[in-house]
Amino acid sequence: KQKLLISRDITSYERIDAMRRDFIANVSHELRTPLTVISGYLEMLSAESEIDLEMQRHALTAMTEQAARMQHLVEDLLTLSRLENTLNKLNESSVDIASILRELRTEAESLSGGRHTIHLGIDSEDQILGSREELRSAFGNLVSNAIRYTPEGGEINIHWEVKDGKGMFYVRDTGMGIEPEHIPRLTERFYRVDNSRSRQTGGTGLGLAIVKHILNRHQARLKINSEVGKGSEFCIQFPEKRLISKQ
Ligand code: ADP
């Protein structure tokens, strides 16, 4: 029995160690790519004595974009490490979900820039016991993904209701959809279905990992339904004990 326990401990240690190595390799890779672009342009700008204005502008734009990408990644990494720290207690209050949704609609409209139709449905005034900042960030991540993975002309539905004693937040899109085999892995850090599409739209690959941690802290669950070419539905379910009835 003792022996079995030790060998199981070693396997789980090895697994955790492999995950840690994977994570470091991913972070390094994600940082190296923008750094390579920036140093390339810097080298060009300092080596050549006469560079036309158009080229200078092009280099500056590219460097600014890559610096923003690194900044976004570092911010997501810090958020993730804060959420993973179990000593960090949840800052709880009664959170008005309807008000978060109205704020997110405005944000979604600006992110979409008129390329999508955005619908908002609020069927309940019930609130949630939790952290406003964290819930806003989790909902916001799902809304921005819906926009980023839905081509122009698509529709985004944001919805809040209470059903069978559960609080349900939905984001539905008419976007590209996700193949079933990817769905269970989407909340893993840096897991992406399509790397280039994610990066092009400013993704760090950490959004859904952050969402998962926030939901765990609220005993909430994430359900994903999707059909390739038709669209996706991301649903967050809050347990009854988190609901604060306003009826
Ligand atoms: P990213 O920054 O790459 O968007 P996320 O963790 O937010 O990272 O999402 C992980 C992956 O899940 C994305 O790269 C994308 O492949 C897929 N995904 C997330 N939301 C959607 C969606 N609404 N429609 C299609 N694919 C999605």
Suppose the filter is outside any loop (DSSP other than H, G, I, E, B), open to solvent by 20 Å² or more (accessible area, probe 1.4 Å), within 8 Å of the ligand (Cβ to nearest atom) and not aromatic (Phe, Trp, Tyr); does residue 182 pass it?
yes
Residue by residue through the range 225-238, note down the ones that are open to solvent by 30 Å² or more (accessible area, probe 1.4 Å) and of a type in the set (A, V, I, L, M, F, W, C).
228
Residue that is farthest from the ligand (Cβ to nearest atom), among those in the range 200-223 that are within 14 Å of the chain's Cα centre (by Cα) and free of Cβ contacts under 8 Å to residues at least 60 places away in the same chain
222
Checklist (1) modelled with pLDDT of 95 or more; (2) open to solvent by less than 30 Å² (accessible area, probe 1.4 Å); (3) closer than 26 Å to residue 81 by Cα applied to residue 158, failing item
(3)
Hey, among the residues in the range 230-247 that are more than 15 Å from residue 129 (Cβ to Cβ) and either modelled with pLDDT under 95 or of a type in the set (Ser, Thr, Tyr) (or both), which one's farthest from the chain's Cα centre (by Cα)?
247
I'm told residue 219 meets every condition in (1) within 13 Å of residue 162 (Cβ to Cβ); (2) part of a loop (DSSP other than H, G, I, E, B); (3) at pLDDT 95 or above except one. Can you identify the failing condition by its number?
(1)
Checking the conditions here, which among 212, 241 is assigned to a helix (DSSP H, G or I), open to solvent by 50 Å² or more (accessible area, probe 1.4 Å) and closer than 29 Å to residue 27 by Cβ?
212
Of all residues in the range 80-101, how many are within 29 Å of residue 201 (Cβ to Cβ), surrounded by 14 or more Cβ atoms within 10 Å (Cβ to Cβ) and over 18 Å from the mean Cα position of the chain (by Cα)?
3
Quick one: would you say residue 188 is free of Cβ contacts under 8 Å to residues at least 24 places away in the same chain, more than 8 Å from the ligand (Cβ to nearest atom) and outside any strand (DSSP E or B)?
yes
Could we say that residue 167 is away from the ligand (no atom under 16 Å from the Cβ), over 17 Å from the mean Cα position of the chain (by Cα), crowded, with 18+ Cβ neighbours inside 10 Å and in a strand (DSSP E or B) here?
yes
For the range 57-79, enumerate the residues that are of a type outside the set (Gly, Ala, Ser) and over 16 Å from the mean Cα position of the chain (by Cα).
57, 58, 60, 61, 63, 64, 65, 66
Where a residue in the range 163-181 is closer than 18 Å to residue 98 by Cβ and its partner, wherever it lies, is open to solvent by 80 Å² or more (accessible area, probe 1.4 Å) and at pLDDT 95 or above, with Cβ under 7 Å and at least six apart:
166/240
Selection from the range 102-146 of residues open to solvent by 40 Å² or more (accessible area, probe 1.4 Å) and within 16 Å of the ligand (Cβ to nearest atom) yields 107, 111, 115, 117, 119, 136, 137
Quick check on the range 224-237. Is at least one of its residues under 27 Å from residue 77 (Cβ atoms), of a type in the set (A, V, I, L, M, F, W, C) and out of contact with any strand residue (DSSP E or B) (no Cβ under 8 Å at 6 or more places or on another chain)?
no
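The values are calculated or read from the model by the stated rules, or taken from the named source; none is laboratory data. All figures in this text were calculated on a predicted structure; none of them were measured in a lab. Neighbour counts run over all protein chains shown; Cβ positions are idealised from the backbone, glycine included. Only protein heavy atoms, including side chains, enter the accessible area calculation; ligands, DNA and RNA are left aside. Shrake-Rupley method; radii C 1.70, N 1.55, O 1.52, S 1.80 Å.
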